[in-house]
Amino acid sequence: MMHCHDIATQLKNVPKNAKKIVLAGNPNAGKSVFFNAFTGMYVDVSNFPGTTIDISYGKYKDYIVIDTPGVYGVSSFNDEEIVARDIITSADIVVNVVDAVHLDRDLFLTQQIIDMGIPIIIALNMMDEAKAQGIEIDVDKLSQLLGVPVIPTVAVKNLGIEEVKNRLEEAKVGNSDPELQSKLAELLKQVHNRAEALLILEDDPHVAKRHQMEGAKLREEIYTKRRQRVNEIIDQVVRDTKTQSNFKMKLSRWMVNPLTGVPILIGILYIIYKLIAVFVAQTVVDFTEGYIFAGLYEPFIRGIIGQWIPENSALGTILIGEFGVLTMTVTYVLGLLLPLVIGFYFALSVMEDSGYLPRVAALVDRVLMKLGLNGRAIIPLILGFGCVTMATITTRLLGSKREKFIATALLGFTIPCSAQLGIIAGLITPLGWKLFILYVGIIFIVFVLIGTLLNLFLPGESTDLLIDLPPLRLPRINNVLKKTWTKSYAFIKEAGPLFALGALLIGLLQVTGALDMLIDAVAPITTGLLKLPKESAVAFIMGIIRRDFGAAGLTSIDMTPLQTVLSLVVITLFVPCIASILVLFKERGIRDAILIWGGSWILAFGVGGIMAALLL
Amino acid sequence: MTLAQVERGAKVKIKNIPDDFIRAQAIRFGISEGAEVECIEKIPGGPVIVRKRFQEIAIGRRLAENIIVSYWNREVEDDALS
């Protein structure tokens, strides 16, 4: 019988009998550098069935090399672990990347893989950092105690990677607890895979079910013994030569203490604001949108197309008119959005790689508890400022359904994504700081109100914070640039076609005269309720497709400063973009998705109406 | 005594972690029952941050209120009293 969970059968272009090298390690241990060193340029990315997790794989000699999500152990506590579990248990060789600074944490996974009986070779990474922290590790002794090869490396400086490659064949099954192994031997009569047998002993419900068995309820006992074993190894191989009181430790503490942490957070947000809203949204976009695309590209393309198709004909309007597929779409996507999105992903990557985000989670835990979330939720909320769609997926890391719903609702209702935020920043900065505060204040109040109300009325209880604070690191510029580029490229690939579709739709409505009819039909809302020019209807129609598209539509409408703020508040609270909605349906189910989508119409026009009545 | 009552800088031994899932998770981080940790920061009304060697973990306040600990050096006394 073919096992449906054998990973090799699920990957494209992989011969069935190819030997599998699997890279495994805790989060931030440096696996990606090893993966790149093994596979070079030729990498495939494939979605793991039934999840939103992408796994990368490539070739090295005759082997197939598979990356796994960073995990602290193999089990099924969350999607990352399930994916890592199924890949690791099918490995022929595991290359285990271990963070030398966090040896006692990382060796738990190492020992677990050893207990599974899979041949393993260890890359003891970040040796330079360990040395700087005064940690001395007896590598030979570690290798002897574990019973497997251990190679010291500094992957980012390309030290030791070649040795790991050269000694790959030396990977072997390490030393395990004899008592555990005798229990395993017993079970192996029924389950013909040592790794899966171990997981059944450890009470993994999925694996047990796969073999029509009950979990053995021994997780507690095995984990505790494994932890003791790891602690004993650590005691024999690690020596801390100096007490750790360096600058990073202090900085780390300042970041989580509210007295210093809040100013630091505000400072960092201010720098990001300066970078994106001022430098990118104005200086860079003026050049790319104003000069390159509106100034050079659009006249050029109008000139070419205009030779065959008159600009005021129906086809001409659709292709090169005001909302033209070849004019507006290209200018918005490449001239306006791309620079902004690159700016945002750059800032996000720096925050991610530096280890700052988990500290923000600890800092804001208390505040988020009032909204029915714990500090961990700050990660999807911050990611939401990059892309709400991506952030909605990361709400999975939250502990309960209740928290997932609250976080998704906050994202869908109130968080503007990077592209939209960039356009908003561009529109609002020239109006002065008072109106900027008005905009931020209103969105913030709505954010707090929604969270508080959901926390009051949703049944159940939210989970508590338990989060690992990784060491602070200076982000590596190569890594940051690579991440920024990958994400920006994925964004453009997704946004481009949707934008074009939107432009096509608007163009069609325009040439058939339906656009004017629609604008007049919704005039009671736009001019009556919101007291905006009736052309703003176009922006909202565009906003149904993508919110940034909607915000972009506002740039060409003539409005007073207060009208601009009001229209921006409405477009921010307005429905999430099509991509977000699709993810919303998938992640939260039909009922919740409809609640959030429908609710945002009421919320956006309700808040807009109140603002109009009070301010205009 | 609970972890939430510990003052900053104190070194304590973890006695009991209530929830199965949390316990499994904590063991992986190196914070098993019996582990000796240092409380390096208490955020007012917020998480308690503990350290074991170079591993730092933030533990939400409500959770910290349910984790039973004892002082390292006073352990003998505690046991004698109970």
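The values are calculated or read from the model by the stated rules, or taken from the named source; none is laboratory data. Computed from a predicted model, the values in this text were never measured in an experiment. Note that each Cβ is placed from the backbone with ideal geometry, even for glycine, and that neighbours are counted across all protein chains shown. Accessible surface is based on the protein model in full, side chains and every heavy atom, while ligands, DNA and RNA are left aside. Shrake-Rupley method; radii C 1.70, N 1.55, O 1.52, S 1.80 Å.
Within region A:497-512, residues that are touching a residue at least 40 places away in the same chain (Cβ under 8 Å) and on the phi > 0 side of the Ramachandran plot have Cβ atoms under 6 Å from residues that are of a type in the set (Lys, Arg) and not in a helix (DSSP H, G or I) in no pair, counting only partners at least 6 apart in sequence or on another chain. When each of A:Arg546, A:Arg588 is tested for being open to solvent by 30 Å² or more (accessible area, probe 1.4 Å) and of a type in the set (Lys, Arg), the lone residue that passes is A:Arg588.
Being assigned to a helix (DSSP H, G or I), in contact (Cβ under 8 Å) with a residue 12 or more places away in the chain and open to solvent by 50 Å² or more (accessible area, probe 1.4 Å) is a property that A:Lys209 lacks.
Among the residues of region A:442-488, those that are in a loop (DSSP other than H, G, I, E, B), of a type in the set (A, V, I, L, M, F, W, C) and within 14 Å of chain B (Cβ to nearest Cβ) comprise A:Leu465, A:Leu472. Scanning region A:289-323 for residues that are in a loop (DSSP other than H, G, I, E, B) and either touching a Leu at 6+ places or on another chain (Cβ under 8 Å) or among the basic types (Lys, Arg) (or both) yields one hit, A:Ile309. Between B:Ile31, B:Ile27, the distinction of being under 9 Å from the mean Cα position of the chain (by Cα), crowded, with 19+ Cβ neighbours inside 10 Å, not acidic (Asp, Glu) and not in a strand (DSSP E or B) belongs to B:Ile31 only. All conditions in (1) within 11 Å of another protein chain (Cβ to nearest Cβ); (2) modelled with pLDDT under 90 hold for B:Ala80, with the sole exception of (1).
Selection of first residues in region B:18-29 that are facing another protein chain (nearest Cβ under 7 Å) and of second residues that are in a helix (DSSP H, G or I) and surrounded by fewer than 20 Cβ atoms within 10 Å (Cβ to Cβ), restricted to Cβ pairs under 7 Å at least 6 apart or on distinct chains, gives the following pairs, ordered by first then second residue: B:Ala24/A:Arg219; B:Ile27/A:Thr224. Of the residues making up region A:565-585, those that are under 20 Å from A:Ala551 (Cα atoms) and either of a type in the set (Val, Ile, Thr) or open to solvent by 30 Å² or more (accessible area, probe 1.4 Å) (or both) are A:Val565, A:Val569, A:Val570, A:Ile571, A:Thr572, A:Val575, A:Ile578, A:Ile581. Against the numbered list (1) surrounded by fewer than 17 Cβ atoms within 10 Å (Cβ to Cβ); (2) more than 26 Å from the chain's Cα centre (by Cα), A:Ile234 comes up short only at (1).
For region A:68-89, taking the residues that are open to solvent by 10 Å² or more (accessible area, probe 1.4 Å) and at pLDDT below 90, the one that is nearest to the other protein chains (Cβ to nearest Cβ) is identified as A:Phe77.
The residue of region A:130-172 that is nearest to the other protein chains (Cβ to nearest Cβ), among those that are buried (at least 19 other Cβ atoms within 10 Å of the Cβ) and within 31 Å of the chain's Cα centre (by Cα), is A:Gln133.
Reported count of residues in region A:193-235, each being closer than 14 Å to A:Ser75 by Cβ and among the β-branched types (Val, Ile, Thr), is 3.
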